[in-house]
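The values are calculated or read from the model by the stated rules, or taken from the named source; none is laboratory data. The shown structure was predicted, so the numbers you read here are calculated from the model rather than taken from an experiment. Quick reminder, even Gly has a Cβ in these numbers, built from the backbone with ideal geometry, and neighbours come from all protein chains shown.
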Amino acid sequence: MVKRIIIVEHEKDADYKVFFCDKEYQQRNHHLIAGGKLVVSKAHADVKIIIVEHSFLADIQILRTNFPE
């Protein structure tokens, strides 16, 4: 089953905080959302994420190329 993912605006609404890293070896917990699909509606989402600006705040670090479309 493909995970359906939505990007939310507020940290309190997110299941995970995501940071975009530059190198593959920097990825951490990326398997939680990799291969997923972005959706528009919260009602259809399995996982809610928010993008953060610093790696130390993130639960997941992922390359932009591995981020769901």
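Among (1) assigned to a loop (DSSP other than H, G, I, E, B); (2) touching a residue at least 24 places away in the same chain (Cβ under 8 Å), there is one condition Ile5 misses while meeting the rest; what is its number?
Unmet condition: (1).
Would a scan of the stretch 19-32 turn up a residue that is modelled with pLDDT of 95 or more, part of a strand (DSSP E or B), in contact with a strand residue (DSSP E or B) (Cβ under 9 Å, 6 or more places away or on another chain) and within 19 Å of Met1 (Cβ to Cβ)?
no
For the stretch 15-54, give me the residue count where each residue is surrounded by fewer than 15 Cβ atoms within 10 Å (Cβ to Cβ) and of a type in the set (A, V, I, L, M).
Looking only at that region, the number is 4.
Does Glu53 satisfy the condition of being acidic (Asp, Glu), touching a Lys or Arg at 6+ places or on another chain (Cβ under 9 Å) and outside any strand (DSSP E or B)?
On the way: acidic (Asp, Glu): yes; touching a Lys or Arg at 6+ places or on another chain (Cβ under 9 Å): no; outside any strand (DSSP E or B): yes.
In short, no.
Where residues in the stretch 33-50 are aliphatic (A, V, I, L, M), more than 9 Å from the chain's Cα centre (by Cα) and in a loop (DSSP other than H, G, I, E, B), which of them is nearest to Phe67 (Cα to Cα)? Quick ask: steps written out before the conclusion?
Kept after step one, since they are aliphatic (A, V, I, L, M), are these residues of the stretch 33-50: 33-34, 38-40, 43, 45, 47, 49-50.
Narrowing further to those that are more than 9 Å from the chain's Cα centre (by Cα): 38-40, 43, 45.
Filter once more, so that each one left must be in a loop (DSSP other than H, G, I, E, B): 39-40, 45.
Numbers: Val39: 13, Val40: 16, Ala45: 16 Å.
Among residues in the stretch 33-50 that are aliphatic (A, V, I, L, M), more than 9 Å from the chain's Cα centre (by Cα) and in a loop (DSSP other than H, G, I, E, B), the one nearest to Phe67 (Cα to Cα) is Val39.
In the stretch 37-63, what count of residues is obtained for those that are of a type outside the set (A, V, I, L, M) and under 16 Å from Lys17 (Cβ atoms)? Before the answer, list the steps.
Going residue by residue through the stretch 37-63, those that are of a type outside the set (A, V, I, L, M) are 37, 41-42, 44, 46, 48, 53-56, 59, 61.
The next check asks that each one be under 16 Å from Lys17 (Cβ atoms); those that pass are 48, 53-56, 59, 61.
Counting residues in the stretch 37-63 that are of a type outside the set (A, V, I, L, M) and under 16 Å from Lys17 (Cβ atoms) gives 7.
Restricting to the stretch 7-24, name every residue that is over 8 Å from the mean Cα position of the chain (by Cα) and among the aliphatic types (A, V, I, L, M).
Residues satisfying the conditions are Val8, Ala14.
Can we say Lys12 is among the charged types (D, E, K, R), without any contact (Cβ under 8 Å) to a residue 60 or more places away in the chain and surrounded by 12 or more Cβ atoms within 10 Å (Cβ to Cβ)? Can you show your working first?
Numbers: among the charged types (D, E, K, R): yes; without any contact (Cβ under 8 Å) to a residue 60 or more places away in the chain: yes; surrounded by 12 or more Cβ atoms within 10 Å (Cβ to Cβ): no.
For Lys12, the condition - among the charged types (D, E, K, R), without any contact (Cβ under 8 Å) to a residue 60 or more places away in the chain and surrounded by 12 or more Cβ atoms within 10 Å (Cβ to Cβ) - is not met.
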